[in-house]
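Every number in this text was worked out from the coordinates using simple rules, so none of it is lab data. Source: prediction; values computed, not measured. Positions of Cβ are generated from backbone atoms using ideal geometry, with glycine treated the same way; all protein chains shown enter the neighbour counts.
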């Protein structure tokens with residue numbers, strides 16, 4: 001793994017700036033080769049871990065993120081059933097409804113995300129960018145906002161068939177918390193344990 005010039009420069013300046021203060025420490029390390037070896041081993045292990053994360057392909061990263069998100073959702077479903085005091089039948093019906101509308105929400109979010117990326121690129125282009133593309137992407141973003149509201153209204157109507165208004169409102173806020181936590185998982189490129197759902 002090659003070190004950048006800026007990293008080398010910073011390291012050099014740090015060494016020069018602390019040379020006088022570290023002379024006694026260097027002498028101690030010279031008389032204690034085991035401590036120096038352990039420190040070097042730890043440094044190499046950290047470097048290897050960083051290299052492993054960088055070497056992870058986009059497909060592997062997405063698969064891992066989906067797996068972690070799925071684990072969060074399973075834990076979330078258990079918390080929802082307990083907090084809302086749902087029967088087995090209610091929990092099953094809630095999962096069916098949530099899975100169906102979550103797919104629609106994900107499709108809308110994907111379209112909106114792509115449109116926002118394209119819009120930023122168009123706005124950054126010279127001469128004000130392609131006005132037709134800017135208008136097209138703004139229309140996609142606007143439509144995504146409308147579709148999201150329609151999906152929520154349809155979902156709430158269906159949930160009203162087997163959940164009380166209080167249960168629906170509790171579920172709405174709990175799912176908002178879940179969405180934020182899943183977003184944290186997706187933004188974290190390093191392998192780790194998925195966050196626990198909010199139980200408050």
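Working from label points 7 Å from Cα in the Cα-to-Cβ sense, the residue 127 to residue 172 distance is 4.9 nm.
Run the numbers on the range 58-187 and let me know its relative contact order in percent, using alpha-carbon pairs under 8 Å that are six or more apart. Once normalised by length, the contact order is 35 percent. Between residue 95 and residue 63, the distance separating the two model label sites (each 7 Å from Cα on the Cα→Cβ line) works out to 2.5 nm. Could you tell me which of rounded, prolate or oblate describes the range 71-167, using a ≥ b ≥ c as the square roots of the eigenvalues of the alpha-carbon gyration tensor, with rounded for a/c under 1.5 and, failing that, prolate when a/b is larger than b/c and oblate otherwise? Cα axes put the range 71-167 in the prolate bin.
Mind giving me the FRET efficiency for residue 150 and residue 43? R0 is 35 Å, r the Cβ-Cβ distance, nearest 0.05 is fine.
Details: r = 55 Å, r/R0 = 1.56.
Efficiency at R0 = 35 Å is approximately 0.05.
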